[in-house]
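Read through the structure below, which is laid out as structure tokens, and then see the notes.
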Amino acid sequence: MADVIVTRERRSGVAALHQGVGDLAIRFANAFRPQLSLGVRLITFDEAGRVFLVRHSYLPGLHLPGGAVDLGESCREAALREAREEGGLELSATPELFGLYWDPSRGRRDHIAVFLARDARQAGPRSASLEIIAAGFHPLDALPPNVTPATRRRLAEVTGTAPQTERW
């Protein structure tokens, strides 16, 4: 085994200038690069095996509950918050990460962490809000026709009727 000798590299003025310009170019490019966006969705089943879906006021169709991860919040914390906010859901166990997806339709750098929770229940009846106009559990074998294609794909993946992908 050869001895490793660590030496301090001396940089010439040209090399230092080159590295400085390179650093400046990276900073400039990052200033105009779209920021990474991170969201969560939650696949939630009740004791009867029904899945919880929401209807947003600003989007067509039925979706898995979820939303953006807030600054200073973990993905799991965001999933728990969205479960409470969008559905008034109480979860019997901590949701587990099911998959991480890239959604090219919303931007080049949009990613969604999908969590899975079972044996959830609603704390009580929910009234419509400015964001959520309908929410409830639905049997997997009788989903409403307006369930979004992405939601249907995630449900097929979690039930094992389709292979899991990395694209939303």
Of the residues in the range 38-51, those that are out of contact with any His (no Cβ under 8 Å at 6 or more places or on another chain) and within 23 Å of residue 133 (Cβ to Cβ) come to 40, 42, 43, 44, 45, 46
In the range 85-104, anything outside any strand (DSSP E or B) and either at positive phi or surrounded by 14 or more Cβ atoms within 10 Å (Cβ to Cβ) (or both) is listed as 85, 86, 87, 88, 91, 95, 103
Cβ-Cβ under 6 Å pairs, at least 6 apart or on other chains, the range 154-168 side touching a residue at least 12 places away in the same chain (Cβ under 8 Å), far side in a loop (DSSP other than H, G, I, E, B) and surrounded by 12 or more Cβ atoms within 10 Å (Cβ to Cβ): 157/164; 168/103
Which of the residues that make up the range 105-132 are within 23 Å of residue 37 (Cα to Cα), at pLDDT below 95 and in a strand (DSSP E or B)? 110, 111, 132
Is at least one residue of the range 66-77 surrounded by 15 or more Cβ atoms within 10 Å (Cβ to Cβ), assigned to a strand (DSSP E or B) and of a type outside the set (Lys, Arg)? yes
Of the residues in the range 96-141, those that are closer than 24 Å to residue 164 by Cβ and either touching a residue at least 60 places away in the same chain (Cβ under 8 Å) or out of contact with any Cys (no Cβ under 8 Å at 6 or more places or on another chain) (or both) number 29
Residue ID - surrounded by the fewest Cβ atoms within 10 Å (Cβ to Cβ), chosen from residues in the range 23-54 that are basic (Lys, Arg) and modelled with pLDDT under 95: 27
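The values are calculated or read from the model by the stated rules, or taken from the named source; none is laboratory data. Here the structure is a predicted model, which is why all the values come from computation and not from measurement. No Cβ is skipped: glycine too gets one built from the backbone with ideal geometry, and neighbour counts run over all protein chains shown.
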